[in-house]
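Asks: Okay, here's the structure, questions in a sec.
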Amino acid sequence: MEPAIISIPATEEIKPPITGIGVIGWVRKNLFTGKFNTLLTLLILFAIVKTVPPIIRWAFVDSLWSSQSQACKEAAGACWSVVTNNIRFILFGFYPYDQQWRPIAAIALLVGFIIYSHNRRRWNTKLLIAWPLGLAAMGIIMYGGIFSLPEVETEKWSGISLTLLLAIFGLSAAYPLGVLLALGRRSRLPAIKALSVVYIELIRGVPLISMLFMASVMLPLFLPEGITINKILRAQVAIILFTAAYIAEVVRGGLQAIPRGQYEAAEALGLSYYQKMRLIVLPQALKTVIPPTVSILISAFKDTSLVVIIGLFDLLKTTHVTLSNPDWMGFSNEAYLFTSLIYFVGCFFMSNFSRRLETQLKT
Amino acid sequence: MNQANKTANVTNNIPFWHDPAKRGIVFQAAALLLVLMIGYYIFSNTQANLRRQSIATGYGFFGKEAGFEIGEPMISYSAADTYAKALLVGVLNTLKVSFAGILLTTLIGLFVGIARLSKNWLVSKLAQGYIEVLQNVPVLLQLFFWYGLFHNALPLPRNSISPLPGVFINNRGFYLPIPEAHPVYKWMLLALLAAFIISYLLKRWSKARQDLTGQTFPLFSSFLSLSIGMPLLVWLASGAPTGMDVPHLRGFNFIGGLSFSPEFGALLIGLVLYTSAFVAEIVRAGIQAVSHGQTEAAASIGLRPKLVLTLVILPQALRVIIPPLTNQMLNLTKNSSLAIAIGYPDFVAVANTTINQTGQAIEGVALIMIVYLIISLVTSAFMNWYNKRTALVER
């Protein structure tokens, strides 16, 4: 017997009121709920109408993009010519003019690596080995000396190359040191623990600038007569020592987040300290602290700008020097906005990446 | 052979490198030895280098004449004063900008953080833009930007902008009128202090009474009326002096009133905007960390919305906010050392001049580190004390 089919007469579908859906609904819900919000929205709209058009006129309509400095002084708008006329000095500084394709190639390689590694599904051992090789290749492209590339001393690396050099090598050297310090701080051996705690707290208590001063004026005194270290390397050492203390604190957080049971289980299996850390604890701990580690990378990237104060030619310093040229004096807003944009793009990319990782790792 | 004997034998046969306790001692001794050796190596090299370059050691230079001027000192200072006094002026300048910076940062950060959570889409997006832009540009670059802006965009003293009568802005600085010196202001300050003490006693009394009887007392409004009313009464009682010290143009510059240099302004604005973006994120995360169930539970036991906020949400949010907030305050203080790059005479700038003049780099850098360590330790001690007071008391 077939089941009887009961048909229900279709009732008339009642649509939500037009003021509750679509654009109107969204505007009502998000901009004009209540008296206070309406007032706030109107105030902000008024402010936007008052300020945004003049800014757009300054930046795009009245602006000059490739003029000489004389024309700029008479123009009402922004003088982007300060950037376009000096772009190669701002970006690459004293790197030999006819060799500047090399930093471009190195940066392109770096960007390629970053875009490839951006997707977490591609993370594997091969990639982990490819990264140091890639960084070494970038170093060779920049330094030259082989493959008939003329040699370029690191002292001539400036502009964005120096910024990236300080940030990337600073972090890659600081990371293992920071992990060691974190393990030292969690150690049961009192002397090791005390040494780590003193180091971490001492470094975290002082500004980076004092470390840079130490590297630039004190380090030469620490070395025996006749041995001198290049200025960039000294700043690099200061950045590494400084960043390591911050990484140590982040990793310590990760170590503390691993339940005691994991440690005890590893010990019950008869693993030695190194096996326990390498196979059980660190893989879990380091994974949980990836997002804060990216934040440290971001601040290390921004902090490289402090080397301006000890006279190294990073991206900020090349901008600064461009502005001390009498022709381009007084156009600091335009030049700094351009440099800010470069830093912003780098940092914004990294912080978005870290935020995405955070949501992925939580699940 | 019985069991105990066997174990004893086994323990005795373990070579020392398989015994964790003994191995630990060896490791620690090795680490200490290494640190001592490096320390000795550096020390002996330094000694040799200092002798060779005949650089003086020790803090003997403290008592010598500094011979350089410092802009906007907070205590009277001239080039004829000693290095010790010059360094003190530097410390005071650092503390001044840090203190003002911390106050403003907390206020702006709180405001932007709450705005970020606003239901108004425009407000929330504006706050987000503020946070993203300011967080992702190096603070030193921001300082340069503001400094350049003040120098390029502001007029000469002759054509000063005057947004309010008595207030002048030009490329030499910011000038505000202040009340003329008068003995009554000292008494008003004392009255304010007395109002604070009375408010504190009132708070203790009202808490005791509430615990006993359940009656509440309008603490906040009484605090406000006391701390405004008492100084006002003193001011009225002494005949309400209204004399103002208004800045005025003399020669090429303004004199009188309260003034800030463009260097101070750029440093303060740069530090405050940069740090407040981080504080805003902390405030947002802190408020979001309090689960919505707390709000509902508080409402269901009959608390009014204002009390829900002050008695339930804020105390819990503060617990999450305070530790990272402390870090940001310390960051601001440490970042104030960037003053040297734009020429504000903070402690690092003065110490750097001292190093250049005396050649005593070790003492100079050590001084910088010690001063910042002390500031950091005192700030974190205070914040830890405050944190302990607001911390969760668990059974």
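The values are calculated or read from the model by the stated rules, or taken from the named source; none is laboratory data. This one's a predicted model, so the numbers in the text were calculated from it and none came from an experiment. Cβ sites come from the backbone with ideal geometry, for glycine too, and all protein chains shown count toward neighbours. Surface accessibility is based on the protein's heavy atoms, side chains included, excluding ligands, DNA and RNA. Shrake-Rupley method; radii C 1.70, N 1.55, O 1.52, S 1.80 Å.
Asks: For B:Arg204, only one of the following conditions fails: (1) within 14 Å of another protein chain (Cβ to nearest Cβ); (2) over 30 Å from A:His320 (Cα atoms). What is its number?
Replies: With respect to (1) within 14 Å of another protein chain (Cβ to nearest Cβ); (2) over 30 Å from A:His320 (Cα atoms), B:Arg204 is out only on (1).
Asks: List pairs: first residue in segment B:295-322 and touching a residue at least 12 places away in the same chain (Cβ under 8 Å), second residue outside any helix (DSSP H, G or I) anywhere in the structure, Cβ distance under 6 angstrom, at least six positions apart or on different chains.
Replies: B:Ile313/B:Val290; B:Gln316/B:Val290; B:Ala317/B:Val290
Asks: Also: In segment A:157-189, what residues are touching a Ser or Thr at 6+ places or on another chain (Cβ under 7 Å) and assigned to a loop (DSSP other than H, G, I, E, B)?
Replies: A:Ser158
The rows are residues; the columns are (1) hydrophobic (A, V, I, L, M, F, W, C); (2) open to solvent by less than 60 Å² (accessible area, probe 1.4 Å); (3) within 13 Å of chain A (Cβ to nearest Cβ); (4) under 14 Å from B:Gly270 (Cα atoms).
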| site | (1), (2), (3), (4) |
| --- | --- |
| B:Pro73 | no, yes, no, no |
| B:Asp81 | no, yes, no, no |
| B:Val97 | yes, yes, no, yes |
| B:Ile108 | yes, yes, no, yes |
| B:Val112 | yes, yes, no, no |
| B:Ala115 | yes, yes, yes, no |
| B:Ser124 | no, yes, yes, no |
| B:Ala127 | yes, yes, yes, no |
| B:Gln135 | no, yes, yes, yes |
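Asks: Identify all residues within segment A:323-345 that are part of a helix (DSSP H, G or I), touching a Leu at 6+ places or on another chain (Cβ under 8 Å), in contact (Cβ under 8 Å) with a residue 40 or more places away in the chain and within 9 Å of chain B (Cβ to nearest Cβ); write none if there are none. Let's see the steps before the verdict.
Replies: Start the filter on segment A:323-345 by keeping residues that are part of a helix (DSSP H, G or I), which leaves A:323-324, A:326-328, A:332-345.
Subsequent filtering for residues that are touching a Leu at 6+ places or on another chain (Cβ under 8 Å) retains A:332-333, A:335-336, A:339-340, A:342-343.
Then drop every residue that is not in contact (Cβ under 8 Å) with a residue 40 or more places away in the chain, which leaves A:333, A:335, A:339, A:342-343.
Of everything in segment A:323-345, those that are part of a helix (DSSP H, G or I), touching a Leu at 6+ places or on another chain (Cβ under 8 Å), in contact (Cβ under 8 Å) with a residue 40 or more places away in the chain and within 9 Å of chain B (Cβ to nearest Cβ) turn out to be A:Asn333, A:Ala335, A:Thr339, A:Tyr343.
Asks: While we're looking at this one, here's another question. Six or more apart or on different chains, Cβ under 8 Å: which pairs go from a residue in segment B:362-384 that's under 20 Å from B:Thr106 (Cα atoms) to one that's open to solvent by 40 Å² or more (accessible area, probe 1.4 Å)? Could you list them?
Replies: Final answer for the pair search is B:Ile375/B:Leu95; B:Ser376/A:Arg204; B:Met383/B:Pro323.
Asks: Next question, about the same structure. When the residues of segment A:176-202 are filtered to those that are away from every other protein chain (no Cβ under 13 Å) and closer than 18 Å to A:Leu241 by Cα, which remaining residue is surrounded by the most Cβ atoms within 10 Å (Cβ to Cβ)?
Replies: In this case the residue turns out to be A:Ala182.
Asks: Any residue that is open to solvent by less than 10 Å² (accessible area, probe 1.4 Å), at the interface with chain A (Cβ under 8 Å from one of its Cβ atoms), touching a Pro at 6+ places or on another chain (Cβ under 7 Å) and of a type outside the set (Val, Ile, Thr) - is there at least one of those in segment B:338-354?
Replies: no
Asks: Something else about it: Which numbered condition trips up B:Tyr147, out of (1) open to solvent by 40 Å² or more (accessible area, probe 1.4 Å); (2) in a helix (DSSP H, G or I); (3) more than 28 Å from B:Ala339 (Cβ to Cβ); (4) at the interface with chain A (Cβ under 10 Å from one of its Cβ atoms)?
Replies: Result: B:Tyr147 fails condition (3) only.
Asks: Only one of B:Arg209, B:Arg250 is over 32 Å from the mean Cα position of the chain (by Cα), free of Cβ contacts under 8 Å to residues at least 12 places away in the same chain and under 30 Å from B:Tyr147 (Cα atoms); which?
Replies: Going through B:Arg209, B:Arg250 in turn, just one is over 32 Å from the mean Cα position of the chain (by Cα), free of Cβ contacts under 8 Å to residues at least 12 places away in the same chain and under 30 Å from B:Tyr147 (Cα atoms): B:Arg250.
Asks: Name the residue, out of A:Glu74, A:Glu2, that is within 30 Å of A:Ala335 (Cβ to Cβ), over 33 Å from the mean Cα position of the chain (by Cα), acidic (Asp, Glu) and modelled with pLDDT under 75.
Replies: Among A:Glu74, A:Glu2, only A:Glu74 is within 30 Å of A:Ala335 (Cβ to Cβ), over 33 Å from the mean Cα position of the chain (by Cα), acidic (Asp, Glu) and modelled with pLDDT under 75.
Asks: If we keep just the residues of segment B:152-192 that are among the β-branched types (Val, Ile, Thr) and under 29 Å from the mean Cα position of the chain (by Cα), which is nearest to the other protein chains (Cβ to nearest Cβ)?
Replies: Looking at the filtered set, the residue picked out is B:Ile169.
Asks: While we're on this one: Could you check A:Glu151 against (1) assigned to a helix (DSSP H, G or I); (2) away from chain B (no Cβ under 14 Å) and say which number it fails?
Replies: All conditions are met except number (1).
Asks: Inspect all residues belonging to segment A:205-216 and state whether any of them is under 24 Å from A:Thr318 (Cβ atoms) and away from chain B (no Cβ under 13 Å).
Replies: So in segment A:205-216, the residues under 24 Å from A:Thr318 (Cβ atoms) come out as A:207-209, A:211-213, A:215-216.
From what is left, the residues that are away from chain B (no Cβ under 13 Å) are none.
No - not one qualifying residue is present in segment A:205-216.
Asks: Something else about it: Could you list all residues from segment A:217-246 that are hydrophobic (A, V, I, L, M, F, W, C), farther than 20 Å from A:Gly311 by Cα and facing another protein chain (nearest Cβ under 10 Å)?
Replies: A:Phe222, A:Leu223, A:Ile227
Asks: Could you tell me whether any residue of segment A:238-256 is free of Cβ contacts under 8 Å to residues at least 60 places away in the same chain, of a type in the set (Gly, Ala, Ser) and open to solvent by 60 Å² or more (accessible area, probe 1.4 Å)?
Replies: No.
Asks: Right, here's the next one. Please work out if A:Ser272 is open to solvent by less than 20 Å² (accessible area, probe 1.4 Å) and within 12 Å of chain B (Cβ to nearest Cβ).
Replies: The answer is no for A:Ser272.
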